[in-house]
């Protein structure tokens, strides 16, 4: 497992249950298209699973690899 996960809030929680709204808030997400880094542990993964239809998740390792590939292609 990676040390951190990048979580992006991409779909509004309007019309969702209060517990789903609270879960998004607990992940540190306040605005649409906001991205936060959260620790990769079972409790956070459970929160992400609960609102998986509202957020997108990336492993930090995957994002770092993509940046390295872009740098290599450009240079």
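Numbers for the structure displayed
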| item | result |
| --- | --- |
| Condition broken by residue 50, with the remaining ones in (1) modelled with pLDDT under 95; (2) out of contact with any strand residue (DSSP E or B) (no Cβ under 7 Å at 6 or more places or on another chain) satisfied | (1) |
| Residue count for the stretch 21-49, restricted to those that are outside any strand (DSSP E or B) and closer than 14 Å to residue 11 by Cα | 11 |
| Of the criteria (1) modelled with pLDDT under 95; (2) touching a strand residue (DSSP E or B) at 6+ places or on another chain (Cβ under 7 Å), which one residue 36 fails | (1) |
| Set 2, 13: member being surrounded by 13 or more Cβ atoms within 10 Å (Cβ to Cβ), modelled with pLDDT of 95 or more and outside any helix (DSSP H, G or I) | 13 |
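The values are calculated or read from the model by the stated rules, or taken from the named source; none is laboratory data. These numbers come from a predicted model, not from an experiment. Ideal geometry is used to build each Cβ from the backbone, glycine not excepted, and the neighbour counts take in all protein chains shown.
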